[in-house]
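A.B. asks: Take this structure first; my questions come after.
The values are calculated or read from the model by the stated rules, or taken from the named source; none is laboratory data. In this text the structure is predicted, and so the values were computed from the model without any measurement. Every residue, glycine among them, receives a Cβ derived from its backbone with ideal geometry; neighbour counts consider all protein chains shown.
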Amino acid sequence: MSPDYLHDGATDAILDSIADGVFTVDDNWLIRSFNRAAEQITGIPRKEAIGRRCCEVFRASICETSCALRHTRETGEPIVNKVIYIINADGDRVPVSISTAILKDADGTIIGGVETFRDLSSIEHLRRELEKRYTFHDIVSKNARMLEIFDILPTLAESDSTILIEGESGTGKELIARAIHDLSTHRDGPVVTVNCGALPDTLLEAELFGYKAGAFTDARKDKPGRFALADRGTIFLDEIGDISPALQVRLLRVLQEKTFEPLGSTETLTTSARVITATNRNLRKLVKAGSFREDLYYRINVIRIELPPLRERKEDIPLLVDHFLSHFSSLKRKTITDISPAALVALMDHDYPGNVRELQNIIEHAFVLCRASMIGTEHLPEYLRPADAAPQADAPTLAQLEAQVILSVLRKHNGNRTAAAAELGMHKTTLWRKMKRLGIESPA
Amino acid sequence: MLDTASKLLLCDLDSGQTVGTQTIELDGPDLNERAKLICTLGIRTLLCGAVSRLFHQLLEAHHVQVIPWLGGPVEDILRGYTNGTLEQERYRLPGCGRRLRCRQAGRGRGADTSGGFGQSARRRGGQGRRGNYRKKQE
């Protein structure tokens, strides 16, 4: 292919018909052709690009340190579909995949290079759209049980019934409560959260219902309670299983009659707050044990939502990792966009007693340590890092362990195979086969 | 591209003359760390080629004036800076007309090169590579 042919009208027409951006450079890295797609992706008009150095036009993340065209020029190896980003005329980072090749004249002399690049923004956009399908009011999941909850939540939110959210610590109970509030007719009111397990009984009572000045020693002036503050909004009572029997009685009355009296007051106040409760304990068991009132249990359990722990929805881990990477990237203004396959495997192997909150903390931990663009196993907390492979050489194999167990049981029964087989839970012919395979002599 | 530039050239300017230069290595992709380093070096004005909007905003948040989208040899850019002629088309990277509109619409400090320079008693400036320039104003 000659440079003359490249620069004639026919070549331009062909290049302009391609959806990928294409530019060619001469021996001095000056741009000689720049197709229509290249104009669209970079935002730079062809007439401004032609004759400029390619790095001034293309402005890719690799221009300075690892130019793909230079690599191809020096090694003869083409680059295919390498993903990088460029900065377009508006200052936006545009993800592109690039491919390179060298250009030679009829004599085989290198006269420049060609680079094609594909805009990945739309793919990125589609990926985000897909993520949106799995995102519901800041809750990320593609787990079937969670998607069922997403589906039913708008309907549940419309009713004014009390909702009980059950789930282990860190499963996102408060996020669900906020989603219900946002979807409900109370959305214009406040959301007031009270962690019932964090306060002693007397303080919790004052916190929930408020008090009048002089109600107790330090009550110098009136203080409205959380029920009053949540009026026309939503009150979220977390850790409801931790409240005392005395307070359970008072709470039951609020739920039944929508009225309460602040401490030290004779005036009865009414509340229109929507009540959402949550617990990480098994309330039914507490009712059976007599530590939670049955009538209150049924009053708060009008609608029940059970959130699965993260170990039962591990398919969400990659989604959640992406979500937290994006969250911390904008929060901490770091450009960590990916996680290595090994690190993801380590995350998938973990059981998460702390659920999604634990995963969030792990990613935050990795963000602090990671100075590259990808999180690796070395950035994970120590308890998640895979053990080194080296010590495995000294570890006994499964066959060795099996032989040890069989031999010790045989010794225990003085070589009696029938007794040994019975203790091992296998037929004596199976034991005999195993002994033969493992080379075990029957001890005398 | 400033976001990934590996070097930063600090220039001391006195009455429009370069009186000292120093090259600083930049490492890692963390834009916040880069912005902090630039701020720590006392750089008040930074001349560069391409820069992402995110990094530009970050530098402005660290009170660094950014004059971006400049192209050409270092000496020419420094001359343009001291002469107050950086707005001339010959210093602009391709596609700058579109950016200027964006600049006027949203930026401000980083794009305004009309005042300030040429009057300070002493300035410092810098270069990452051909086309990336940083200046520190004291």
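A.B. asks: Hey, can you tell me all the residues within region B:16-42 that are under 23 Å from A:E56 (Cβ atoms), part of a loop (DSSP other than H, G, I, E, B) and either touching a residue at least 40 places away in the same chain (Cβ under 8 Å) or away from chain A (no Cβ under 13 Å) (or both)?
C.D. replies: If the condition is that a residue be under 23 Å from A:E56 (Cβ atoms), part of a loop (DSSP other than H, G, I, E, B) and either touching a residue at least 40 places away in the same chain (Cβ under 8 Å) or away from chain A (no Cβ under 13 Å) (or both), then B:L26 is the only one that fits.
A.B. asks: For region A:52-68: of the residues being among the basic types (K, R) and at the interface with chain B (Cβ under 7 Å from one of its Cβ atoms), which is farthest from the chain's Cα centre (by Cα)? Steps first, please.
C.D. replies: Residues of region A:52-68 that are among the basic types (K, R), as a first pass: A:52-53, A:59.
Now drop any that are not at the interface with chain B (Cβ under 7 Å from one of its Cβ atoms), which leaves A:52, A:59.
On the way: A:R52: 44, A:R59: 32 Å.
Going through the qualifying residues, I end up with A:R52.
A.B. asks: Going residue by residue through region A:153-165, is there one that turns out to be farther than 30 Å from A:E315 by Cβ and outside any loop (DSSP other than H, G, I, E, B)?
C.D. replies: Within region A:153-165 (the criterion being farther than 30 Å from A:E315 by Cβ and outside any loop (DSSP other than H, G, I, E, B)), the answer is no, since none of the residues qualifies.
A.B. asks: Conditions: (1) in a helix (DSSP H, G or I); (2) under 18 Å from B:P94 (Cα atoms). A:A13 meets all but one. Number of the miss?
C.D. replies: A:A13 satisfies all of (1) in a helix (DSSP H, G or I); (2) under 18 Å from B:P94 (Cα atoms) except (2).
A.B. asks: Kindly establish whether A:E74 is in the same structural domain as A:S33 (by TED's automatic domain parsing), within 28 Å of B:L2 (Cβ to Cβ), acidic (D, E) and without any contact (Cβ under 8 Å) to a residue 12 or more places away in the chain.
C.D. replies: It is true that A:E74 is in the same structural domain as A:S33 (by TED's automatic domain parsing), within 28 Å of B:L2 (Cβ to Cβ), acidic (D, E) and without any contact (Cβ under 8 Å) to a residue 12 or more places away in the chain.
A.B. asks: Separate question: Of the residues that sit in region A:41-51 and are touching a residue at least 24 places away in the same chain (Cβ under 8 Å) and part of a helix (DSSP H, G or I), which one is nearest to the other protein chains (Cβ to nearest Cβ)?
C.D. replies: In this case the residue turns out to be A:A49.
A.B. asks: From the residues in region A:229-248 that are farther than 12 Å from A:F292 by Cβ and out of contact with any helix residue (DSSP H, G or I) (no Cβ under 8 Å at 6 or more places or on another chain), which one is surrounded by the fewest Cβ atoms within 10 Å (Cβ to Cβ)?
C.D. replies: Within region A:229-248, the match that is surrounded by the fewest Cβ atoms within 10 Å (Cβ to Cβ) is A:R232.
A.B. asks: Only residues that are assigned to a helix (DSSP H, G or I) and surrounded by 14 or more Cβ atoms within 10 Å (Cβ to Cβ): list them for region A:54-74, please.
C.D. replies: Result: A:C54, A:C55, A:E56, A:V57, A:F58, A:A68, A:L69, A:R70, A:H71, A:T72, A:R73.
A.B. asks: Evaluate the following for A:T42: is it within 19 Å of A:A101 (Cβ to Cβ), buried (at least 23 other Cβ atoms within 10 Å of the Cβ) and of a type in the set (S, T, Y)?
C.D. replies: Judged against the criteria, A:T42 is not a match.
A.B. asks: So A:F328 passes all but one of these: (1) among the aromatic types (F, W, Y); (2) in contact with a strand residue (DSSP E or B) (Cβ under 8 Å, 6 or more places away or on another chain); (3) not assigned by TED's automatic domain parsing to the domain that holds A:D182. Which condition number does it fail?
C.D. replies: Going through (1) among the aromatic types (F, W, Y); (2) in contact with a strand residue (DSSP E or B) (Cβ under 8 Å, 6 or more places away or on another chain); (3) not assigned by TED's automatic domain parsing to the domain that holds A:D182 one by one, A:F328 breaks only (2).
A.B. asks: Out of (1) closer than 30 Å to A:D92 by Cα; (2) in contact (Cβ under 8 Å) with a residue 24 or more places away in the chain, the odd one out for A:S159 is which?
C.D. replies: Of (1) closer than 30 Å to A:D92 by Cα; (2) in contact (Cβ under 8 Å) with a residue 24 or more places away in the chain, only one is false for A:S159: (1).
A.B. asks: Moving to a separate point now. From the list A:N301, A:N361, pick out the single residue that is assigned by TED's automatic domain parsing to the domain that holds A:G172, within 20 Å of A:G172 (Cβ to Cβ) and not basic (K, R). Reasoning before the result, please.
C.D. replies: On the way: A:N361 fails: assigned by TED's automatic domain parsing to the domain that holds A:G172.
Result of the check over A:N301, A:N361: A:N301.
A.B. asks: Pull up region A:75-93, narrow it to residues that are within 14 Å of chain B (Cβ to nearest Cβ) and part of a strand (DSSP E or B), then point me to the one that is surrounded by the fewest Cβ atoms within 10 Å (Cβ to Cβ). Reasoning before the result, please.
C.D. replies: The first filter runs over region A:75-93 and keeps only residues within 14 Å of chain B (Cβ to nearest Cβ), leaving A:84-93.
Now restrict to residues that are part of a strand (DSSP E or B): A:84-87, A:93.
On the way: A:I84: 20, A:Y85: 22, A:I86: 26, A:I87: 29, A:R93: 18.
The extreme case among them is A:R93.
A.B. asks: Here's something else I'd like to know. Kindly list the number of the only condition in (1) out of contact with any Leu (no Cβ under 9 Å at 6 or more places or on another chain); (2) outside any loop (DSSP other than H, G, I, E, B) that fails for A:L103.
C.D. replies: (1)
A.B. asks: Sort out which residues of region A:313-328 are exposed (fewer than 15 other Cβ atoms within 10 Å of the Cβ) and without any contact (Cβ under 8 Å) to a residue 24 or more places away in the chain, and write them in order of number.
C.D. replies: A:S326
A.B. asks: For A:D90, are the conditions met, namely being more than 30 Å from A:V356 (Cα to Cα), touching a helix residue (DSSP H, G or I) at 6+ places or on another chain (Cβ under 6 Å) and among the acidic types (D, E)?
C.D. replies: When the stated conditions are applied, A:D90 passes them.
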